[in-house]
Amino acid sequence: MERVAYKTIEGLSANIRLLLGTNDMPQEAADQVNQVANAFDGDGGFNRDQIAEMLNAIGFIESKYETKVQRGGGPDRSYWQVEPKTAADML
């Protein structure tokens with residue numbers, strides 16, 4: 001039960017940070033979001049604007065667009081904090 005409560009609080013905290021945070025995204029990240037949104041426009045029933053909005057939110061929640069290397073020495077990379085193994089599996 002404690003884990004469920006922790007996950008709920010963690011999710012609410014992320015939403016609050018997203019709503020209150022600024023969207024000062026590096027140009028490099030904005031360019032990447034646009035490339036992905038254009039490439040996947042229409043896939044899964046999502047249009048390019050919806051895809052861009054989701055990617056913007058994920059990047060903000062995961063890294064606040066401050067680092068491309070996971071804090072604490074973890075394996076995640078990019079502003080969206082993707083694990084190399086996940087990226088390799090997707091390829």
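The values are calculated or read from the model by the stated rules, or taken from the named source; none is laboratory data. Remember, predicted model here, so these are calculated numbers, not experimental data. Note: ideal-geometry Cβ built from the backbone for every residue, glycine included; neighbour counts use all protein chains shown. With ligands, DNA and RNA removed, areas are computed over all heavy atoms of the protein, side chains included. Shrake-Rupley method; radii C 1.70, N 1.55, O 1.52, S 1.80 Å.
Some observations on this one:
- The residues of segment 5-28 that are in a loop (DSSP other than H, G, I, E, B), in contact (Cβ under 8 Å) with a residue 12 or more places away in the chain and surrounded by fewer than 15 Cβ atoms within 10 Å (Cβ to Cβ), listed by number, are G21, N23, D24, P26.
- Pair list, Cβ < 9 Å and 6+ apart or interchain, from segment 29-52 residues that are more than 24 Å from K68 (Cα to Cα) and free of Cβ contacts under 8 Å to residues at least 60 places away in the same chain to residues that are polar (S, T, N, Q) and open to solvent by 60 Å² or more (accessible area, probe 1.4 Å): D41/N47
- Of the residues E66, E53, the single one that is open to solvent by 90 Å² or more (accessible area, probe 1.4 Å) and outside any helix (DSSP H, G or I) is E66.
- Within segment 65-91, residues that are within 20 Å of D24 (Cβ to Cβ) and at pLDDT 90 or above sit with their Cβ atoms under 7 Å from residues that are among the small types (G, A, S) and open to solvent by less than 70 Å² (accessible area, probe 1.4 Å), at 6+ positions apart or across chains, in these pairs: Y65/A29; Y65/G59; K68/S78; Y79/A29; Y79/G59; Y79/S63; W80/G59; Q81/S63.
One line per residue, one yes/no per condition, for (1) at negative phi; (2) among the β-branched types (V, I, T):
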| residue | (1), (2) |
| --- | --- |
| D49 | yes, no |
| M54 | yes, no |
| I58 | yes, yes |
| K64 | no, no |
| T67 | yes, yes |
| D76 | yes, no |
| P84 | yes, no |
| L91 | yes, no |
